[in-house]
Structures are given as structure tokens and as C-alpha cells.
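Engineer: Dropping the structure in here first, questions after.
Each value in this text was obtained by applying a stated rule to the coordinates, not by laboratory testing. Note that the coordinates shown come from a computational prediction; the quantities given were computed from them, not determined experimentally. Cβ placement follows ideal geometry from the backbone for every residue including glycine, while neighbour counts extend to all protein chains displayed.
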Amino acid sequence: MTNRTAAARYARALLDVARREGDPRAVENELASFAALLEGHETLAQVLTSPAVPSAKKADLVRELVGRAGVSPIMAKLLVLLAERDRMSLLPELLDEYRRRLLDHLNVVRAEVVTAVPLPGDRVEALERALAVMTGRTVSMTARVDPAIIGGVVTRIGSVVYDGSVKRHLEKMRETLTQA
């Protein structure tokens, strides 16, 4: 089983338990905080992911950490389980997968919008509303600027890309003219 597959299974189980017994958003915050803790403390991350350190010692260390941090029982149980199974290296992928599943559960879709120049606030809001109508979901949108597209808008929602850039239109025109 790949790391991605294992992370997806843990994320699915975590979301199911969080929906039944707790607040899925709070669980996401705790998971992100613990992942940030490991990212910020290289030595701790090395100890918890090293195959040379016995899993029992990793589990004891994680119990100590979650006890001090005061995390929810759901999160404490997951983190200890990951340590016992020597799967702490899955934490970044688990967090990504959990966030993806949480957004799906909350009926939220992520959209990335690229424009050649920064959009004014009212245009960003109008675009976000239009995407919400188009998808039938709440949209969490990020906007960035890329002068290389010359003009227009490129929107990515999940794996679907809507390319309305001037650059792409010029490429299509060139292809049509060279074929004719």
C-alpha cells in the first residue's frame, strides 16, 4: 500500500470519527498544529520517523506530547496509533487528504484563479459568486497574478482548468493558421 493510499484511509476514518464524536474543523486544526510542530522541530520529526527508534518509545513520546498539548481524545488516539504503527511519516499527506475530505464534506470547492493583472476586490467577489453558481458549491478561491497569460482568466477547480487567457487564444489561432 502506498503512503498516499494509507493516508487516505486514515483521513477517511478520522473524518468519520470526527463527524460522529467531535468537530471536524477542530480536528483539522489540531492535526495541522501537530504537523507544524513536527515541521518546526527537525529533531523531534527525525525521532518520530526514524526506523531506528522503537515504535513503543515513539508512542510514549507522542503520549507525552499530546498530554502536554491537551489535544482532543480523537486526535490523541490517532497520533498514538500512528506512532505505534511507525506511520508518523504519513502526517503531511494525512493532513492534505483530511483537508480535501473535510472541504468535500462541507460542500466547499477550491478554485485557483490566475490573471495577468491584480483584480479589484469587487471583481474577485463577482468571480467567486459566479464560480459558486457554476459549481453549486461554496467556493474557496485564491487569486494570483501571472503576466505571461497576457490577459483574460485561467481558473482551476480541482483537476478541471478553464483557460480563457489571451495567450491560449493566440496559441489556438496560430494552430489554426498553420494547419490551414
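Engineer: Would you grab the residues whose amide H sits under 5 Å from the one on Val109? Only those 5+ places off in sequence or on another chain, please, with H modelled 1.01 Å from N.
Structural biologist: Close amide H contacts, sequence-distant or interchain: Thr138, Val139, Ser140.
Engineer: Would you mind getting me the FRET efficiency between His105 and Ala180? Use the beta-carbon distance for r and R0 = 41 Å, nearest 0.05.
Structural biologist: Working: r = 50 Å, r/R0 = 1.22.
After rounding to 0.05, the efficiency reads 0.25.
Engineer: Please sort by residue number the GluC sites (Glu not before Pro) in region 80-117 whose DSSP state is loop and whose Cβ has at most 11 other Cβ atoms within 10 Å.
Structural biologist: Here no GluC sites (Glu not before Pro) fit, given the DSSP loop and packing criteria.
Engineer: Pull up the DSSP beta bridges for the chain and report the antiparallel fraction as a percent, rounded to 5.
Structural biologist: Beta bridges within the chain, antiparallel portion: roughly 60 percent.
Engineer: Follow-up question, since we're still on this one. What are the principal axis extents of the Cα atoms in the chain, in Å, biggest first?
Structural biologist: Between the extreme Cα coordinates on each principal axis of the chain lie 69, 34, 29 Å.
Engineer: Mind listing the phi-derived Karplus ³J(HN,Hα) values for region 110-123, rounded to whole Hz, using 6.51, -1.76 and 1.60 with θ = phi - 60°, and x for any glycine or proline?
Structural biologist: Once rounded to whole Hz, the list reads 8, 10, 10, 10, 10, 10, 6, 10, x, 8, x, x, 5, 5.
Engineer: Between Arg12 and Ala69, how high is the FRET efficiency from 1/(1 + (r/R0)^6) when r is the Cβ-Cβ distance and R₀ = 22 Å? Nearest 0.05.
Structural biologist: Details: r = 24 Å, r/R0 = 1.10.
Between Arg12 and Ala69 the formula returns 0.35.
Engineer: If you don't mind, another one. Enumerate the calculated ³J(HN,Hα) couplings along region 164-180 in order (Karplus 6.51 cos²θ - 1.76 cosθ + 1.60, θ = phi - 60°), each rounded to whole Hz, writing x wherever the residue is Gly or Pro.
Structural biologist: x, 7, 4, 4, 5, 4, 5, 4, 5, 4, 4, 4, 5, 5, 6, 7, 7
Engineer: Amide H neighbours of Ala143 under 5 Å, counting only residues 5+ apart in sequence or on other chains, H built in-plane at 1.01 Å?
Structural biologist: It is Val113, by chain and number.
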